[in-house]
Amino acid sequence: MSFQMYVPTRILFGAGQLNNLNIQKMPGKKALLIISNGKSVRENGSLARCEEQLKLAGVESVIYDRIQANPVKTTIMKGAEAARKNGCDFIVALGGGSVMDASKAIAMMATNDGDLWDYVNGGTGKNLPLKNQPLPLICITTTAGTGSEVDQWGVVTNEETNEKIGCGGYDSLFPVIAVVDPDLMKSVPPRFTAYQGFDALFHSTESYISSFHSVMSDMYALTAIENVGKYLVRTVKDGNDVEAREGMAFANTLSGVVMTVSVTTAEHSLEHAMSAYHPDLPHGAGLIMISKAFYEFFIEKHACDDRFIRMAQALGMQDAQKPEDFITMLVKLQEA
Ligand code: MN
């Protein structure tokens, strides 16, 4: 029954919620508005809407549009330099996991000297303590997968050492505001909708079988898994199905919170090693590739049979009775 929980992020959740950003208290006067190096937020109008909101809120913004999928250290260091050079006192991340994760690392390096890897805890990171508070951050997610808008971690790649590791973890890296507006997700193509949806699912399934689970993380995880079971296939089939997009967005944000109360297990670490060497591999796709073997391992060891049965039920098999039923539901969902 015991757990610790701290999620200090104001969440604006639901279709149309981006329109309410301008009436929130802004954490600064000039934002570095961080987006990906692709075209999507310019083409689908999200960037213009976001700029409009910031203008209405009375803040200036400067765009940094260099973030690649699986963001690398060099891009982050340049982003931090852009924040300093332009005198930005907060960061707005508009995008998916790569943009939001890179933004957290940029928030750290905009106010601290040295190299990002000085502060990374793990691998060849030097694990030095942060001297200064990171810049405050607003996250506007355009995907339903990463949950990064409600946590204090960013996963980044060091292209010199082929390491892909979570960095941050500081209370001060929780976004002050998260906008989770399914209207911004309508133009995500079916393939990526599926990859991202499975990322959200695995944040919850890994955390549900983790020995760090608690009554609190279980509550979030099971509801997230249920929502993935109900809505992922619908969302992939019709990206304009707002109810389904909203259900997946909900699963995504709940799964983000799950990772702050419990923790993901080895499936995520294994995938990070894969996409560290293969930057073109989308995170969700890598997770899908190893998922069946990963969960079968724990089922064969009878690590937590009752938990697998409960997850099979949450995915929609109401009469699930054996742990293998989870694999059946997982494979069925992947085929669909
Ligand atoms: Mn993930």
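Per-residue accessible area (protein heavy atoms, 1.4 Å probe) orders Val258, Val233 as Val233, Val258, starting from the largest. Let me check I've understood the local charge: for His268, count other residues with C-beta under 11 angstrom from its C-beta, Lys and Arg +1, Asp and Glu -1. What total comes out? Net charge around His268: -3.
Before I look further, what does region 58-200 give for accessible area per residue, probe 1.4 Å, in whole square angstrom?
Working: 5000 Å² over 143 residues.
Heavy-atom accessible area per residue stands at 35 Å².
Go ahead and set up a Gaussian network model of the chain, Cα springs under 10 Å, then flag whichever of Met259, Met108, Met274 fluctuates most. It is Met274. Summing Lys and Arg as +1 and Asp and Glu as -1 over all other residues whose Cβ lies under 14 Å from the Cβ of Gln196 gives a net charge of -1. Residues whose amide H lies under 5 Å from that of Lys186, counting only those 5 or more places away or on a different chain, are absent; hydrogens are built 1.01 Å from N in the peptide plane.
The mean sequence separation of alpha-carbon pairs under 8 Å and at least six residues apart, normalised by the residue count of the chain, gives a relative contact order of 17 percent.
Under a Gaussian network description of the chain, with springs only between Cα atoms under 10 Å, the residue in Ile290, Ile140, Ile309 that fluctuates furthest is Ile290. Taking all protein chains together and rolling a 1.4 Å probe, Asp306 ends up with roughly 110 Å² accessible.
Is any residue of region 152-182 close enough, with backbone N under 20 Å, to a label point placed 7 angstrom from the Cα of Val242 along the Cα-Cβ axis, and if so, which? Counting only backbone N, you get 179-182.
What the Cβ-Cβ distance of Asp305 and Met274 gives, at R0 = 22 Å and to the nearest 0.05, is a FRET efficiency of 0.20. When the surface is traced with a 1.4 Å probe over the full set of protein chains, Cys167 keeps roughly 0 Å² accessible.
Against the longest principal axis of the chain, how steep is helix 242-261, in degrees 0 to 90 to the nearest 10, with axes from Cα atoms? Around 90 degrees separate the two axes.
Largest to smallest in accessible area, the residues Trp153, Trp117 fall in the order Trp153, Trp117 (1.4 Å probe, all protein chains included). Largest GNM mean-square fluctuation among Ala82, Ala224, Ala102, using the chain with Cα springs under 10 Å: Ala82.
Suppose accessible area is computed on protein heavy atoms with a 1.4 Å probe; arrange Val257, Val263, Val62 from highest to lowest. Don't skip to the answer; put the middle values down first.
Numbers: Val257 10, Val263 60, Val62 35 Å².
Output order, biggest surface exposure first: Val263, Val62, Val257.
Where does the chain land at 222 nm, in deg cm²/dmol rounded to the nearest 500, when only DSSP H runs of n ≥ 4 count, each adding -39500 (n - 2.57), divided by all residues?
One gets -15000 deg cm²/dmol as the mean residue ellipticity at 222 nm.
For the chain, the longest piece that avoids every one of the trypsin sites (Lys or Arg not before Pro) found in DSSP loops with at most 11 other C-beta atoms within 10 Å covers 132-300.
I want the antiparallel fraction of DSSP beta bridges within the chain, as a percent rounded to 5. The partial results should precede the final answer.
Values: 6 of 30 bridges.
Just about 20 percent of them are antiparallel.
The portion of the accessible surface of the chain made up by carbon and sulfur, rounded to a whole percent, is 52 (1.4 Å probe; DNA, RNA and ligands excluded).
When Lys and Arg each count +1 and Asp and Glu each count -1, what net charge do the other residues less than 15 Å away from Val156, Cβ to Cβ, add up to?
Working: positive: Arg66, Lys73, Lys78, Lys104, Lys126, Lys164; negative: Asp101, Asp115, Asp118, Asp151, Glu159, Glu160, Glu163, Glu271.
Around Val156, the charge tally is -2.
On average over all directions, what projected area in square nanometres does region 53-104 have, based on the convex hull of its Cα atoms? Intermediate values should be presented prior to the final figure.
Values: hull surface 14.5 nm².
Mean orientational projected area (region 53-104, Cα hull): 3.6 nm².
In region 1-54, which chymotrypsin sites (Phe, Trp or Tyr not before Pro) fall in coil by DSSP and have 14 or fewer other Cβ atoms within 10 Å? Filter output for region 1-54: Phe3, Tyr6. Residues in region 138-144 carry Karplus couplings, in order, of 10, 10, 10, 7, 10, 9, 10 Hz; the curve used is 6.51 cos²θ - 1.76 cosθ + 1.60 with θ = phi - 60°, and Gly or Pro positions show x. The figure for Phe250 is an accessible area of roughly 80 square angstrom, using a 1.4 Å probe on the protein chains alone.
The values are calculated or read from the model by the stated rules, or taken from the named source; none is laboratory data. Everything quoted here is computed from the prediction, not taken from an experiment. Every residue, glycine as well, gets a Cβ built from its backbone with ideal geometry; the counts of neighbours run over all protein chains shown. Ligands, DNA and RNA are excluded from the accessible area calculation, which covers all protein heavy atoms including side chains. Shrake-Rupley method; radii C 1.70, N 1.55, O 1.52, S 1.80 Å.
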